[in-house]
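Notes for the one structure printed next.
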Amino acid sequence: MQSPLPGRDILRVEGLEVDFDGFKALRSLDFRVQAGELRFLIGPNGAGKTTLLDVMCGKVKPSHGRVVFKDSIDISKFQEHQLAELGIGRKFQAPSVFTTLTVFENLALSMKQKRGLLSALWAKTTSEQRDRLLHRLEMIGLQDKAAARAGSLSHGEKQWLEIGMLLMQEPDLLLLDEPAAGMTDSETEKTGELLHAISNNQTIIVVEHDMEFVRRFAKTVTVLHEGTVLREGTMEDIQSDDKVAEVYLGRRVERDA
Ligand SMILES: Nc1ncnc2c1ncn2[C@@H]1O[C@H](COP(=O)(O)OP(=O)(O)OP(=O)(O)O)[C@@H](O)[C@H]1O
Ligand SMILES: [Mg+2]
């Protein structure tokens, strides 16, 4: 399937509602993302950020509304694994790499292919696949650790490996939930650079709590609050917005009488 051109919506969310036994985790939520964007989703705890990612990857089904991927794919009609094949890749917060396998083997196993597990390893990869794998290895900054067991990596390195594994599936849209959580400052910085590099070719939606990280790397930020979009704009717009300060920072904005 062809990737949409930059400047076109890759994802449209219209009137989305998610109902958990009577509790509306998302309601009347409209949201659009253009192809090639690196979009940050922020908001207080319980705002619905993770639930929105869960809907977009097919893990949670909406009770109302629609999520349309690439103009024609109604995501509610597909299972999670089908959406992964259609080009939506999701990374959850905790890294889930195969700890006893090497970095290289983890990437090789993640390669998009219809082959058995054993034949997926290095010896049977084509030169085109090897090039792709080496390119990803370099992109995630783990070229010197290709032969290291994934279990021996630092927390940050595991996160990058998992992002690399996602990239081996060649998703058009990546959904990342707090990728920099628990990272050191220098790891956080490298993660921001990695997201920028990825967004040259793919669209990314990233949920993030670390405001310094968002300030440093975000172009467009969407603020969720109580299951719906409160504001959207540049980080500058968002930071100077009274309503955002009130709900997101959990304090009332002092105003002159
Ligand atoms: N499976 C579920 N069943 C019932 N309620 C749920 C379920 N999943 C989430 N919720 C509720 O939905 C609301 C939104 O949760 P969600 O995890 O999407 O928030 P979030 O913005 O990701 O928060 P955080 O910043 O803490 O990760 C919360 O009130 C949460 O308790
Ligand atoms: Mg969450």
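The values are calculated or read from the model by the stated rules, or taken from the named source; none is laboratory data. Computed from a prediction, not measured in an experiment: that's the story for all the values here. Virtual Cβ from ideal backbone geometry, glycine too; neighbours counted across all protein chains shown. In case anyone asks, the SASA skips ligands and DNA or RNA and just uses the protein heavy atoms, side chains included. Shrake-Rupley method; radii C 1.70, N 1.55, O 1.52, S 1.80 Å.
Considering (1) surrounded by fewer than 18 Cβ atoms within 10 Å (Cβ to Cβ); (2) at pLDDT below 95; (3) farther than 19 Å from Ile204 by Cβ, say which one Thr100 fails and leave the rest.
(2)
When the stretch 103-117 is examined, which residues are found to be under 19 Å from the mean Cα position of the chain (by Cα) and modelled with pLDDT of 90 or more?
Step one: list which residues in the stretch 103-117 are under 19 Å from the mean Cα position of the chain (by Cα), which gives 107, 110-112.
Across the stretch 103-117, the qualifying residue is only Leu107.
When you check Asp144 against the structure, is it under 25 Å from Ser28 (Cβ atoms), open to solvent by 30 Å² or more (accessible area, probe 1.4 Å) and either over 16 Å from the mean Cα position of the chain (by Cα) or among the hydroxyl-bearing types (Ser, Thr, Tyr) (or both), yes or no?
Working: under 25 Å from Ser28 (Cβ atoms): no; open to solvent by 30 Å² or more (accessible area, probe 1.4 Å): yes; either over 16 Å from the mean Cα position of the chain (by Cα) or among the hydroxyl-bearing types (Ser, Thr, Tyr) (or both): yes.
Taking the combined requirement at face value, the residue does not satisfy it.
Considering the stretch 169-192 alone, what residues qualify as being within 14 Å of Glu212 (Cα to Cα) and away from ligand 1 (no atom under 16 Å from the Cβ)?
If the condition is that a residue be within 14 Å of Glu212 (Cα to Cα) and away from ligand 1 (no atom under 16 Å from the Cβ), then Met183, Thr184, Asp185, Ser186, Glu187, Thr188, Glu189, Lys190, Thr191, Gly192 are the ones that fit.
For the stretch 1-95, please list each of the strands (runs of 3 or more DSSP E) lying entirely inside it that holds at least 3 residues being surrounded by fewer than 20 Cβ atoms within 10 Å (Cβ to Cβ). Before the answer, list the steps.
Values: elements: 9-20, 23-34, 38-42, 64-69, 88-91.
So the answer is 9-20, 23-34, 64-69.
Kindly indicate whether Glu178 is within 16 Å of ligand 2 (Cβ to nearest atom), open to solvent by 10 Å² or more (accessible area, probe 1.4 Å) and not hydroxyl-bearing (Ser, Thr, Tyr). Give the derivation first.
Numbers: within 16 Å of ligand 2 (Cβ to nearest atom): yes; open to solvent by 10 Å² or more (accessible area, probe 1.4 Å): yes; not hydroxyl-bearing (Ser, Thr, Tyr): yes.
Against the criterion (within 16 Å of ligand 2 (Cβ to nearest atom), open to solvent by 10 Å² or more (accessible area, probe 1.4 Å) and not hydroxyl-bearing (Ser, Thr, Tyr)), Glu178 qualifies.
Can you go through Ile163, Ile205 and tell me which one is within 16 Å of the chain's Cα centre (by Cα) and outside any helix (DSSP H, G or I)? Let's see the steps before the verdict.
Values: Ile163 fails: outside any helix (DSSP H, G or I).
Of the residues listed, the single one that is within 16 Å of the chain's Cα centre (by Cα) and outside any helix (DSSP H, G or I) is Ile205.
Return the only residue of Gly48, Gly36, Gly65 being out of contact with any Cys (no Cβ under 7 Å at 6 or more places or on another chain) and within 11 Å of ligand 1 (Cβ to nearest atom). Write out each step before concluding.
Numbers: Gly36 fails: within 11 Å of ligand 1 (Cβ to nearest atom); Gly65 fails: within 11 Å of ligand 1 (Cβ to nearest atom).
After applying the criteria, what remains is Gly48.
List every residue pair whose Cβ atoms lie under 7 Å apart, where the two residues are 6 or more positions apart in sequence or sit on different chains, the first residue falls within the stretch 135-147 and is over 17 Å from Leu166 (Cα atoms), and the second residue, located anywhere, is open to solvent by less than 90 Å² (accessible area, probe 1.4 Å) and of a type in the set (Ser, Thr, Tyr).
Pairs found: Ala147/Thr102.
Criterion first (out of contact with any Leu (no Cβ under 9 Å at 6 or more places or on another chain) and among the charged types (D, E, K, R)) does Glu37 satisfy it? Let's see the steps before the verdict.
Working: out of contact with any Leu (no Cβ under 9 Å at 6 or more places or on another chain): yes; among the charged types (D, E, K, R): yes.
So Glu37 fits the description; yes.
Residue pairs, Cβ under 7 Å, 6 or more apart or interchain, first in the stretch 11-40 and assigned by TED's automatic domain parsing to the domain that holds Lys219, second open to solvent by less than 10 Å² (accessible area, probe 1.4 Å) and among the acidic types (Asp, Glu). List them.
Pairs that qualify, where the first residue is assigned by TED's automatic domain parsing to the domain that holds Lys219 and the partner is open to solvent by less than 10 Å² (accessible area, probe 1.4 Å) and among the acidic types (Asp, Glu), are Phe40/Glu208.
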